[in-house]
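Heads up: the structure comes next, in structure tokens.
Please treat every number below as a calculation from the coordinates, not as lab data. Because the structure is a prediction, the values reported are computed rather than measured. Note that each Cβ is placed from the backbone with ideal geometry, even for glycine, and that neighbours are counted across all protein chains shown.
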Amino acid sequence: MRKLLTHAAVGAMVLGSVALFGATGASASTTTTTVATASPFLSGNRFMSVAVDTVMGAGSPGVTGACFLASTFIQGQTVVFRVWGIDNNTGAPLTGLPLTTGNVQSMVISDLPGVSPNPVMLFNTRDGYFTYGWKTTTATPTGVVPFKVTVTLARTKATYKIVRVRIAGKMVRVKVVARAAHGPVSFTYSETATVGGFGSLPATSQLSINAAVA
């Protein structure tokens, strides 16, 4: 499905996600739940660009279908977190476990109420993004969920290239660094209840849990 090749591709996907994952309709005899939707938010640092969104999980009560963008859920429904992005150093898409060649060392969600230890997101090789499904219950606290996603890139080795330069009037071939090495580096995407914070969705787009209908 989603192919991540360039920074432009990530931006285009952010703008197009609502169309790709639109709400699934239901018949007149089916009880449905109205959910608020929000486009994924693109953020990151000089090492990576990261997009995060949440979608309705399959089998959630009160809805038909799955994988449509949602930011408001009721207790008992499954919140599916999805993360994708770009390694800014190489231009390659973020990939990871179960791929042994992935450039992501780890991707961890924190601050989900009642969930311990912090869940590790796994790479979906079919769709090209990281996912984790959080099945809420009637015991899940209601309100805004200020979750965080910490993405850690694996260490990389330096790469080199040969360039021609003029030294003392002669053209010579010189080996120079094409891409510098770096150790593991991290970025934490944070959803808070504030508007305008870097790396955060506006408050009206916060992931929130409402009480189950009696």
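With the simple spin-label model, which puts each label point 7 Å out from Cα in the Cβ direction, the Thr159 to Leu122 separation comes to 3.0 nm. For the pair Thr150 and Leu99, label points projected 7 Å from Cα toward Cβ lie 2.4 nm apart. Across the stretch 94-198, Cα-Cα pairs farther apart than 17 Å form 68% of the total.
Give me Leu94, Leu69 ranked fewest to most by other Cβ atoms within 10 Å of their Cβ, as a rough exposure proxy.
With the sparsest Cβ surroundings first, the list reads Leu69, Leu94.
Counting beta carbons within 10 Å around each of Asp127, Asp87 and listing the fewest first gives the order Asp127, Asp87.
Sorting 141-154, 178-191 by their mean Cβ neighbour count within 10 Å, with the most densely packed peptide first, gives 141-154, 178-191. The residues neighbouring Ala181, those whose beta-carbon lies less than 14 Å from its own, together hold a net charge of +2 under the Lys/Arg +1, Asp/Glu -1 convention.
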